[in-house]
């Protein structure tokens with residue numbers, strides 16, 4: 001059963017990556033969150049397919065109830081948690097009819113999460129943290145929520161919101177489609193790709209198998225190194241955040257095809273989406289995490305960043321003659337970077353490890369080079 005479940009989860013992620021361009025890491029993060037029973041926060045403007053991505057994921061889990069809402073300062077508790085039961089009031093009980101609302105959902109998407117009233121936000125905190133909903137005076141009921149996905153175009157501004165913000169273990173900055181080729185693919189897409197469905201019992205089985213994966217000392221040592229390096233940069237995630245990230249690391253290992261072996265240092269790469277608090281910290285956290293946990297990917301990222309800088313400098317030049325000269329130089333430099341990426345891929349293959357992530361960096365650099373040749377030098381059209 002385990003292999004088939006993992007295959008279904010991998011196909012779901014692949015399908016989401018195909019349908020939603022430049023959302024590869026987000027799609028994988030949502031899948032990891034479902035397996036780890038953790039929550040995700042997306043920071044970015046409206047119109048970046050966050051809601052569609054979440055809804056598509058929910059539809060892939062057969063038997064799972066999905067709830068979605070857009071919060072405003074005028075949103076009432078009834079809209080999120082259900083109306084007050086009139087029959088209950090007749091019997092001197094204050095309780096809500098929660099059917100079809102957040103307290104009955106397995107997967108939920110909360111848009112503009114920081115806009116709601118304190119009453120709603122306090123209940124969200126209890127649901128997210130303890131999986132409990134206070135339905136009536138002093139009476140709590142368990143909720144089936146596996147993962148809460150939330151979005152906003154801003155970070156929480158007040159300290160009272162920090163407790164809820166901290167409950168979102170995985171965090172992603174989601175912006176508009178950046179690359180021209182991917183933007184064209186998005187425009188040409190006629191319909192979403194049907195995802196491979198997984199049943200709710202199968203997902204629960206994946207959660208149990210993931211939670212049972214052993215964590216060897218070398219992985220804890222790598223986390224200690226990450227903590228020290230981040231502290232040197234003035235980035236200090238809480239002890240609780242490190243502790244609670246373990247289930248997410250296990251989920252990432254499970255998505256990598258592991259059902260019983262110890263978690264490896266490579267699986268810690270998902271911490272790049274866990275250990276930042278504000279967008280300015282993202283590149284620093286990513287660089288440190290990948291250098292320690294996935295040195296091959298860390299080197300590939302460094303090469304990709306160099307290529308991006310070369311590409312931007314070339315394409316932004318306004319003088320035609322200078323742009324032509326820059327394009328010739330850029331072509332030579334990008335070819336060297338592509339050769340270095342090929343060397344990394346070859347080395348990884350000799351070790352029998354997956355090269356797909358490095359190949360994605362290579363493909364992006366290759367696309368940059370082709371665009372420079374076509375737009376600046378009139379070649380390869």
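Read-outs: derived from the displayed coordinates by stated rules, not from any lab. Because the structure is a prediction, the values reported are computed rather than measured. Because the Cβ atoms are built from the backbone with ideal geometry, glycine has one as well, and the counts that use them run over all protein chains shown.
Quick one: 40, 376, fewest Cβ neighbours within 10 Å first, how do they rank?
Going from sparsest to densest Cβ surroundings: 376, 40.
Most mobile of 170, 102, 132 per a Gaussian network model of the chain (Cα springs, under 10 Å)?
132
How many percent of all Cα-Cα pairs in the chain sit more than 41 Å apart?
It works out to 19 percent of all Cα pairs.
Quick one: Debye curve from the alpha-carbon atoms of the stretch 240-329 only, equal weights, vacuum; give me log10 I(q)/I(0) at q = 0.18, 0.19, 0.25 Å⁻¹ to two decimals.
-0.84, -0.89, -1.19
How many nm is it between the label spots at residue 212 and residue 363, if each spot is 7 Å from the Cα in line with the beta carbon?
With each label point 7 Å from Cα toward Cβ, the separation is 3.5 nm.
Restricting to DSSP H runs of at least four residues, report the calculated mean residue ellipticity at 222 nm for the chain, -39500 (n - 2.57) per run over all residues, nearest 500 deg cm²/dmol.
-17500 deg cm²/dmol
Fewest to most neighbouring Cβ within 10 Å: what's the order for 168, 140? Please list the in-between numbers first.
Working: 168 20, 140 13.
In order of increasing Cβ crowding within 10 Å: 140, 168.
For the stretch 2-198, what class follows from the C-alpha gyration tensor (a ≥ b ≥ c being the square roots of its eigenvalues): rounded when a/c is under 1.5, otherwise prolate if a/b is larger than b/c, else oblate?
Because a/c hits 1.5 or more and a/b exceeds b/c, the stretch 2-198 counts as prolate.
Grab the beta carbon distance between residue 239 and residue 332, set R0 = 41 Å, and tell me the FRET efficiency rounded to 0.05.
Details: r = 49 Å, r/R0 = 1.19.
The computed FRET efficiency comes out at 0.25.
What whole-number distance in Å separates the alpha-carbon centres of the stretch 68-117 and the stretch 141-188?
Each part's Cα centre sits 21 Å from the other's.
Could you give the C-alpha radius of gyration of the stretch 217-290 expressed as a fraction of 2.2 N^0.38 Å, taking N as the number of residues it contains? Walk me through the numbers on the way to the answer.
Values: Rg = 12.0 Å, N = 74, 2.2 N^0.38 = 11.3 Å.
The reported ratio for this selection is 1.06.
Under the 0.36 nm per residue contour assumption, what length would be gained going from the current alpha-carbon distance of residue 353 and residue 370 to full extension?
On the way: separation 17, 0.36 × 17 = 6.12 nm, distance 2.85 nm.
Full extension of this stretch gives 3.3 nm more.
Can you give the translational diffusion coefficient of the stretch 262-381 in µm²/s, computed by Stokes-Einstein from the Kirkwood radius over Cα pairs at 37 °C and 0.692 mPa s?
209
Over 17 Å, how big is the tail of the calculated P(r) for the stretch 316-362, in percent of all Cα pairs?
49
Taking 45 Å as R0, compute the FRET efficiency from the Cβ-Cβ separation of residue 183 and residue 122 and round it to 0.05.
Values: r = 41 Å, r/R0 = 0.90.
Efficiency, from the Cβ-Cβ distance: 0.65.
So what is the relative contact order for the chain, in percent, with contacts set as C-alpha pairs under 8 Å and at least six apart?
Reported relative contact order: 18 percent.
Counting other beta carbons within 10 Å of each Cβ, put 110, 12 in order, fewest first. Intermediate values should be presented prior to the final figure.
Numbers: 110 26, 12 22.
Listing 110, 12 from fewest to most nearby Cβ atoms yields 12, 110.
Of the candidates 299, 335, 50, which one comes out as most mobile in a Gaussian network treatment of the chain with C-alpha springs shorter than 10 Å?
For the chain, modelled as a Gaussian network with Cα springs under 10 Å, the answer is 335.
Given R₀ = 56 Å, what would the calculated FRET efficiency be for residue 280 paired with residue 139, taking r from the Cβ atoms and rounding to 0.05?
It comes out at approximately 0.80.
How are the C-alpha pair distances of the stretch 194-345 spread across 10 Å bins, as whole percents from the shortest bin up?
Values per bin, smallest distances first: 10, 29, 26, 21, 11, 4, 0.
Using C-alpha positions alone, give me the convex hull volume of the stretch 338-379 per residue in cubic angstrom.
Hull volume normalised by residue count: 52 Å³.
Using 7 Å Cα-to-Cβ label points, what is the residue 228/residue 159 separation (nm, one decimal)?
Taking the two extended label points, one gets 3.3 nm.
Which residue fluctuates most in the GNM of the chain (Cα springs below 10 Å): 152, 356, 118?
Answer for the Gaussian network model of the chain: 356.
Per the Cauchy relation, a quarter of the hull surface: what is the mean projected area of the convex hull of the alpha carbons in the stretch 1-114, in nm²?
Seen from a random direction, the Cα hull of the stretch 1-114 projects 9.2 nm² on average.
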